[in-house]
1. Please go through segment 34-60 and give me each residue that is touching a Leu at 6+ places or on another chain (Cβ under 7 Å) and of a type in the set (Lys, Arg), ordered by number.
2. May I ask you to verify whether Gly142 is closer than 19 Å to Asp38 by Cα, surrounded by 21 or more Cβ atoms within 10 Å (Cβ to Cβ) and touching a Phe, Trp or Tyr at 6+ places or on another chain (Cβ under 6 Å)?
3. Provide a single number: the residues in segment 123-158 that are farther than 19 Å from Ser109 by Cα, assigned to a strand (DSSP E or B) and polar (S, T, N, Q).
4. With Val79, Val73, Val90 as the choices, which residue is in contact with a strand residue (DSSP E or B) (Cβ under 8 Å, 6 or more places away or on another chain) and in a loop (DSSP other than H, G, I, E, B)?
5. Applying the selection to segment 115-151, what residues are β-branched (Val, Ile, Thr), under 17 Å from His54 (Cβ atoms) and touching a residue at least 12 places away in the same chain (Cβ under 8 Å)?
6. Can you name the residue in segment 70-80 that is of a type outside the set (A, V, I, L, M, F, W, C) and closer than 21 Å to Gly128 by Cβ and is also surrounded by the fewest Cβ atoms within 10 Å (Cβ to Cβ) among such residues?
Amino acid sequence: MAKSMCMKAKSHRALRLVALASLFLVSAAQAAEALTVDVHRSASCGCCKKWVEHLEANGFKVIDHVEADMTSVKQRLGVAPRLASCHTAVIDGKFIEGHVPAAQIVELSKRSDLRGIAVPGMPAGSPGMEVGGKQDAYQVIGLTQAGTDQVIAEYPGN
């Protein structure tokens, strides 16, 4: 009898863990669905289009702006040259520079201490830069309200 009760307790505990994990996954998906991202890009950039597809595949609503002058967009949004990449996006007044993964964009939307985030350059293997299995190591850098850089996430190379 004691063994039977112990098994039931373990079953209930396992069910609660599965329920909590499911709730977390649904919450993350709903968070992405509710977010709208304004993307500013050059018409000729193929990797920018692939990054937009990455956002859409992760539940973001994307408003796509084709720009003739990306330099002025970056300056207007406060993207420092050291953080620059090919495209720039905006969510809730905060900038997203370059091939930032969807997970960090969701994180940015919840952080008031950041002005924006960036993946400087165009690292192979980042969203929109998939190149036959090649994966460069890269970091997602946050620009704080105080103007300092902060590593938000790191992705290893292969």
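The values are calculated or read from the model by the stated rules, or taken from the named source; none is laboratory data. Treat the numbers as computed from the prediction; the structure is a model and nothing was measured. Please note: Cβ atoms are built from the backbone with ideal geometry, for glycine as well, and neighbour counts cover all protein chains shown.
1. Of everything in segment 34-60, nothing turns out to be touching a Leu at 6+ places or on another chain (Cβ under 7 Å) and of a type in the set (Lys, Arg).
2. No; evaluated as a whole, the condition is false for this residue.
3. Here the count works out to 0.
4. Val79
5. Of everything in segment 115-151, those that are β-branched (Val, Ile, Thr), under 17 Å from His54 (Cβ atoms) and touching a residue at least 12 places away in the same chain (Cβ under 8 Å) turn out to be Ile117, Val119, Val140.
6. Within segment 70-80, the subset of a type outside the set (A, V, I, L, M, F, W, C) is 71-72, 74-76, 78.
Retained after the next criterion (residues that are closer than 21 Å to Gly128 by Cβ): 71, 74.
Working: Thr71: 11, Lys74: 21.
Taking the candidates together, the pick is Thr71.
Table: residues versus (1) farther than 15 Å from Cys47 by Cα; (2) out of contact with any Leu (no Cβ under 8 Å at 6 or more places or on another chain); (3) exposed (fewer than 13 other Cβ atoms within 10 Å of the Cβ); (4) in the same structural domain as Asp136 (by TED's automatic domain parsing).
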{"position": "Ala68", "(1), (2), (3), (4)": "yes, yes, yes, yes"}
{"position": "Val90", "(1), (2), (3), (4)": "yes, no, no, yes"}
{"position": "Phe95", "(1), (2), (3), (4)": "yes, no, no, yes"}
{"position": "Lys110", "(1), (2), (3), (4)": "yes, yes, yes, yes"}
{"position": "Arg115", "(1), (2), (3), (4)": "yes, no, no, yes"}
{"position": "Pro120", "(1), (2), (3), (4)": "no, no, no, yes"}
